[in-house]
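See below for the structure under consideration.
Rule-based calculations on the coordinates, nothing more; no lab input. The structure presented is a predicted model; accordingly, all values stated were derived computationally and were not measured. Positions of Cβ are backbone-derived with ideal geometry, glycine not excepted, and every protein chain shown enters the neighbour counts.
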Amino acid sequence: MNLLRNAFAAAILFSLAACGQPSSDKPAAPAEPIVAAPPSGPAPVATTQAAVALDAGGLMIVTKDTGSSRMIDFGLPKAQVAAIVTNVAGAPTPESTNSECGAGPVQFIAWPDGLTLLFQEDRFVGWSVDKDAAGKQSTMSGVGVGSTRADLAAAYSGVQVSETSLGQEFRAGGLYGVLDGADTTAKIEVMWAGTSCVFR
């Protein structure tokens with residue numbers, strides 16, 4: 001059963017029809033915009049001074065020693081976003097494209113830590129995380145793959161869970177995903193925000 005569940009979760013990521021536009025759970029302090037040049041030459045290795053945090057409006061880059069954060073909003077150019085995340089998370093796997101998504105053709109750039117970014121027309125439009133992101137990628141509220149339904153409810157008000165063809169699918173503050181069960185101890189298997197390519 002676990003093998004089937006893991007295979008199902010993986011299938012969701014690589015077939016990730018478009019969800020609604022997300023609302024952000026940004027912290028109260030305004031985030032500074034990020035400006036970065038497109039990468040040239042070999043991809044930089046991951047830096048230990050910053051981390052990527054998930055956000056309903058995009059991604060946050062968090063400086064570990066100070067806790068300061070900067071927002072990478074949906075809509076920014078692909079080259080800029082890929083360069084920023086590569087500088088923090090290391091080199092990604094080769095880019096791929098799915099032309100059958102309900103939202104139209106989507107390009108994917110994935111990292112070994114379970115984070116996948118989605119792009120359309122050279123713009124950052126969404127992200128997803130799978131089982132490999134457990135304990136590595138989370139929101140600023142600490143919610144990520146492996147978090148329980150109780151954790152989700154504690155961090156976000158108005159969590160909606162419904163049974164769909166994907167399983168126990170949830171929506172919380174602009175975040176979407178699938179739980180591995182219906183009770184409060186059920187864990188998040190996959191999670192996404194922004195444009196997705198989920199076939200229901």
Summed residue charge, Cβ within 13 Å of residue 119's Cβ, Lys/Arg positive, Asp/Glu negative: -1
Inter-site label distance for residue 79 and residue 199 at 7 Å from Cα along Cβ, in nm: 3.3 nm
In terms of the alpha carbon gyration tensor, root eigenvalues a ≥ b ≥ c, rounded if a/c is under 1.5 and otherwise prolate when a/b exceeds b/c or oblate, the stretch 51-200 is oblate
Charge context of residue 148, other residues only, Cβ under 12 angstrom, K/R +1, D/E -1: -2
Nonlocal amide H pairs with residue 156, under 5 Å, H built at 1.01 Å: none
Quick one: net charge of residue 170's neighbours, Cβ under 12 Å, K/R +1, D/E -1? -2
Long-range amide H contacts for residue 57: which residues qualify at under 5 Å (H placed 1.01 Å from N, peptide plane, sequence gap of 5 or more or a different chain)? 25
Here the FRET efficiency for residue 95 versus residue 65, based on Cβ atoms and R0 = 35 Å and rounded to 0.05, is 0.65
